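Student: Let me give you the structure first, and then I'll get to my questions.
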Amino acid sequence: AQERYASLRNLPAQARCGTVIALHMNAGLMADLPSLEGSGAEGVGLFRTELQFLLRTKVPRREELAALYARVMDAAHGRRVVFRTLDIGSDKVLPYMKPQDEPNPAMGWRAIRVGLEKPGVLRMQLQALIRAAAGRPLSVMFPFVAQMEEYTAARDHLMHTLDQEARMGRVLPEKVEVGAMLETPSLAFAPRSFFERCDFVSIGGNDLKQFFFAADRENERVRRRYDTLNASFLTFLGQIVDRCAETATPLTFCGEDAGRPVEAIALAAMGLRSLSMRPASIGPVKHLIRRVDLTEARAVIDAAIARGDMSTRPALMQWLVTQQQ
Ligand code: PEP
Ligand code: MG
């Protein structure tokens, strides 16, 4: 099977209907970068920056982070790397952070909420990213944005840091792209101006699903209560696709579901044109995309929804079996 996927490495994820889906990889360590070549990913759609903070006994130094981010960009050989700022707090407690006693950590003081209320670390990280890029393009995305104002405030920190660096005479990135992760249903209903201000939006499906269904992604007892192929969830994803299309805002999906072939087909059928996943999933996902017609997949999903099926999974699976010949 690995060989079959290797032969697909340089081929596009082009479905039978002609639609091409861009496949990117998720990463979080320098050691992940060599997979960029082997997997055939177009770039890194999500670089999680938590690990460098979790593996330390104190806040990493700015120069240390800048050097690491620069090495990540070097290893990407000009391919796009989307750096997500620190998504930490509550459950992912840093050893050097005062533990917060919160009843619902996943809905508590985490990610961009921490970054905006205690901007020291966010600013330091943004500075490290700007210095690492020096003359190269930089892509930054903010995690767990629930309101437009949070995105605007985070973006202002980035712009302010860029000004500061310019005044210090530093080489700035060639260009800067800024985006938000859509991980809470509220953000899907943000004003149009939010989508206009984003250079891109990336759906964090793992979190989005748990908040859409009010079912904890870490709690096995309730985690099974939801299905990515659930009719309501796919309908919701279709609405997010439409909102981004209104403002021509590029949209990616970077949760674990992007790496599951059947789910990836459903995401593409709902209009997603860019998926980011574990490197090992790129081959299997590409293989299946190349075998199907996404317009047909969409028709199967629409029919299941119209019938009132709770999940589109049985219908999709049944249809997929006929596509394997
Ligand atoms: C997500 O929520 O889908 C996501 C990509 O972020 P994480 O899994 O790191 O929360
Ligand atoms: Mg998330």
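Student: Residue check: is V201 farther than 20 Å from M310 by Cα, surrounded by 15 or more Cβ atoms within 10 Å (Cβ to Cβ) and within 16 Å of ligand 2 (Cβ to nearest atom)?
Tutor: On the way: farther than 20 Å from M310 by Cα: yes; surrounded by 15 or more Cβ atoms within 10 Å (Cβ to Cβ): yes; within 16 Å of ligand 2 (Cβ to nearest atom): yes.
Answer is yes for this residue.
Student: For V114, only one of the following conditions fails: (1) under 26 Å from T152 (Cα atoms); (2) away from ligand 1 (no atom under 16 Å from the Cβ); (3) in a helix (DSSP H, G or I). What is its number?
Tutor: (2)
Student: With T57, T19 as the choices, which residue is at pLDDT below 95 and farther than 22 Å from N206 by Cβ?
Tutor: Details: T19 fails: at pLDDT below 95.
After ruling out the rest, the residue left standing is T57.
Student: Quick one: count up the residues across the stretch 90-124 that are basic (K, R), under 22 Å from the mean Cα position of the chain (by Cα) and modelled with pLDDT of 90 or more. It would help to see each step written out before you state the result.
Tutor: First, the residues of the stretch 90-124 that are basic (K, R): 92, 98, 110, 113, 118, 123.
With under 22 Å from the mean Cα position of the chain (by Cα) added as a condition, the list becomes 92, 110, 113, 123.
Now narrow it down to the ones that are modelled with pLDDT of 90 or more: 110, 113, 123.
Looking only at that region, the number is 3.
Student: Further question: Please pick out the residue among F195, F211 that is in contact with an Asp or Glu (Cβ under 8 Å, 6 or more places away or on another chain), aromatic (F, W, Y) and closer than 30 Å to Q318 by Cα. Before the answer, list the steps.
Tutor: Working: F195 fails: closer than 30 Å to Q318 by Cα.
Selected residue: F211, the only one of F195, F211 that is in contact with an Asp or Glu (Cβ under 8 Å, 6 or more places away or on another chain), aromatic (F, W, Y) and closer than 30 Å to Q318 by Cα.
Student: Out of the residues in the stretch 248-265 meeting the condition of being at pLDDT 95 or above, of a type in the set (G, A, S) and within 16 Å of ligand 1 (Cβ to nearest atom), tell me which one is surrounded by the fewest Cβ atoms within 10 Å (Cβ to Cβ).
Tutor: Selected residue: G259.
Student: Residues of the stretch 47-71 being more than 16 Å from ligand 1 (Cβ to nearest atom), surrounded by 20 or more Cβ atoms within 10 Å (Cβ to Cβ) and of a type outside the set (S, T, Y), which ones?
Tutor: If the condition is that a residue be more than 16 Å from ligand 1 (Cβ to nearest atom), surrounded by 20 or more Cβ atoms within 10 Å (Cβ to Cβ) and of a type outside the set (S, T, Y), then L65, A66 are the ones that fit.
Every residue, every condition in (1) closer than 30 Å to G169 by Cβ; (2) among the hydroxyl-bearing types (S, T, Y); (3) buried (at least 16 other Cβ atoms within 10 Å of the Cβ); (4) in contact with a strand residue (DSSP E or B) (Cβ under 7 Å, 6 or more places away or on another chain), yes or no:
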position: I88; (1), (2), (3), (4): no, no, yes, no
position: P105; (1), (2), (3), (4): no, no, yes, no
position: V114; (1), (2), (3), (4): no, no, yes, yes
position: E117; (1), (2), (3), (4): no, no, no, no
position: L122; (1), (2), (3), (4): yes, no, yes, no
position: A128; (1), (2), (3), (4): yes, no, yes, no
position: L138; (1), (2), (3), (4): yes, no, yes, yes
position: M141; (1), (2), (3), (4): yes, no, yes, yes
position: V145; (1), (2), (3), (4): no, no, yes, yes
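Student: Still on this model: Could you tell me which residue of the stretch 204-236 is surrounded by the fewest Cβ atoms within 10 Å (Cβ to Cβ), considering only residues that are among the small types (G, A, S), more than 23 Å from R278 (Cα to Cα) and touching a helix residue (DSSP H, G or I) at 6+ places or on another chain (Cβ under 7 Å)? If you could, list the steps in order and put the result at the bottom.
Tutor: If we filter the stretch 204-236 for residues that are among the small types (G, A, S), which is where we start, we get 204-205, 214-215, 231-232.
Checking which are more than 23 Å from R278 (Cα to Cα) leaves us with 214-215, 231-232.
If we keep only those that are touching a helix residue (DSSP H, G or I) at 6+ places or on another chain (Cβ under 7 Å) too, we end up with 215, 231.
Working: A215: 15, A231: 21.
Result: A215.
The values are calculated or read from the model by the stated rules, or taken from the named source; none is laboratory data. Note that the structure is predicted; figures quoted are calculated from it, not measured. A quick note on method: Cβ atoms are made from the backbone with ideal geometry, for glycine too, and the neighbour counts reach across all protein chains shown.
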